[in-house]
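The values are calculated or read from the model by the stated rules, or taken from the named source; none is laboratory data. Because the structure is predicted, anything quoted here is derived from the model rather than measured. Glycine also receives a Cβ, built like all others from the backbone with ideal geometry; neighbour counts cover every protein chain displayed. Ligands, DNA and RNA are excluded from the accessible area calculation, which covers all protein heavy atoms including side chains. Shrake-Rupley method; radii C 1.70, N 1.55, O 1.52, S 1.80 Å.
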Amino acid sequence: MYQFAYHRPDTARKAVNTAAKAEDSKFLAGGMTLLPTMKQRLAAPTGLIDLSRCDDMRGIELKGRNVVIGAMTRHFDVAESDIVKEKIPALADLAGMIGDPAVRHRGTIGGSVANNDPAADYPSAVLALGATVITNKRKIPADEFFKGLFETALEEGELITKISFPIPSKAAYEKFRNPASRYAIVGVFVAKKGKEARVTVTGAGSGGVFRASKLEAALTAKFHPKGLDGLTFPAEGLNTDIHADAEYRAHLIMVMTRRAVQKALAK
Amino acid sequence: MPKVSMTVNGKPVSADVDPRTLLVQFLRETLRLTGTHVGCDTSQCGCCVVHVNGVAMKSCTLLALTADGADVVTIEGLATDGKLHPMQEAFRENHGLQCGFCTPGMIMSAVDIVRRKGSELDEKTIRHELEGNICRCTGYHNIVKAIAAGAAAMAPAAE
């Protein structure tokens, strides 16, 4: 790691004020990605603003037809939350599949979404559920938030404080994981709200999480694994790496989508 | 350099640290508690698992400064009055190790599993919960057996 100045504010407002003064600094949420990235010297912020004491950024509440989750809420707490398990079980399920127990005790939803790792789990749920990312400045619809590999609509010094998830009528997440890192080689989140079905894919796209519009159309017409009969997914634009090539990932997208639809219908 | 203070294995400790200091470095290099190991250094292998405020975390991916004020327990803090913790004893009894490098992390994770899941653990639960701890010597059979036995020995009635 390169040297950095360390800041530890205790509210979101103080964190944002610190960021405004400390140029080239980064917010440190759970650190499950940022710290390894800094160790490899792929990131070299001159300051770290540790959010772990910002208690105002933690918590899960039901607000009308939305589940609102504070950005510093740990994966473990989302997975175990009675509100999330009752209203959006697919989201609790997803949180319980991230990394391993020790990682879930530390990693946060805000950190995962702000980082937008192309193999992270949460972005698929944010996009499939049509969530709203709430920052210190504004509310960003999921469709406008994810901009490509590790890129988001967040501006310099802008901080995610909460994420608001509309409650779907049916949803499920399925992932084919890397056995060592537990990152998604392919993860598919399906959600049905009213008549509209949404299908998002993480881990596979060379530009990060994306909506599979053909699969969405098929499932909007018929929300059943049979609705996908005869469909294939094109390998163009998918990742090839040591874990899986693009064609294999394309195949996995169809398998995971079918499984996810089945799981959503079983609930 | 900023000062960090915390409680480690029941003792208050403090030191001036470079902000880059990871909790595991603070434990091993500053406090000389070398029972906590560094395997992969990328939060995958679990050799560095310690308890921070009672919860299992990977100390290679946590800044010492973030743990300021925390109550930290390492493998050295489990035994009491020269008597092994029931989970340590179970690893010994069941030969739940070969080279032993992953063992401290395995045991700290195992104690955390019991905290969350209770003392009656089936094989499937143990194997699933161990997904963040990697042993490179051999299979996990004896580790799984040791955790089931250690969990049972930790049940309040058995104490």
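Based on the convex hull around the alpha carbon atoms, the stretch B:1-84 presents an average projected area of 5.2 nm². Note on A:Ser52: accessible area is roughly 20 Å² with a 1.4 Å probe, heavy atoms of protein only.
Ignoring aspartates and glutamates fewer than eight residues from A:Lys139 along the same chain, the ones with Cα atoms less than 20 angstrom from its Cα are A:Asp56, A:Glu61, A:Glu151, A:Glu155, A:Glu156, A:Glu158. Evaluated with a Cβ-only charge set (Lys, Arg +1; Asp, Glu -1), the protein assembly as shown carries a dipole of roughly 1020 debye about its Cα centre, given to the nearest 20. The convex hull built on the alpha-carbon positions of the stretch B:1-152 has an orientation-averaged projected area of 8.4 nm².
Put a dot 7 Å past the Cα of B:Glu29, heading toward its Cβ, do the same for A:Lys195, and the two dots end up 6.3 nm apart.
Taking a ≥ b ≥ c as the square roots of the Cα gyration tensor eigenvalues, with a/c under 1.5 meaning rounded and otherwise prolate when a/b beats b/c, else oblate, which class fits the stretch B:86-158? Because a/c hits 1.5 or more and a/b exceeds b/c, the stretch B:86-158 counts as prolate. For the stretch A:104-120 versus the stretch B:18-69, the inter-centroid distance based on Cα atoms is 20 Å. Of the peptides B:54-65, A:82-93, the ranking by mean beta-carbon count within 10 Å, highest at the top, reads B:54-65, A:82-93. Pairwise alpha-carbon distances in the stretch A:93-143 exceed 16 Å for 41% of all pairs. For B:Glu93, the accessible surface of its heavy atoms amounts to roughly 130 Å² (probe 1.4 Å, protein chains only, rounded to the nearest 10). Here's the picture: a label point sits 7 Å out from the Cα of A:Lys14 along the beta-carbon direction, and within the stretch A:40-83 the residues with their amide nitrogen under 19 Å of it are A:47-59, A:71-73. For peptide B:40-49, the mean count of partner chain Cβ atoms within 10 Å of a residue's Cβ comes to 4.
Looking at chain B, how many pairs of lysines come closer than 29 Å at the Cα, when each pair is eight or more places apart or spans two chains? Close lysine pairs found across chain B: 13.
For the stretch A:5-50, dividing the convex hull volume of the Cα atoms by the residue count gives 59 Å³ per residue.
Per-residue ellipticity at 222 nm, computed for chain B from helices alone with -39500 (n - 2.57) per DSSP H run of at least four residues, works out to -8500 deg cm²/dmol. Taking one quarter of the surface of the C-alpha convex hull of the protein assembly as shown gives a mean projected area of 21.0 nm².
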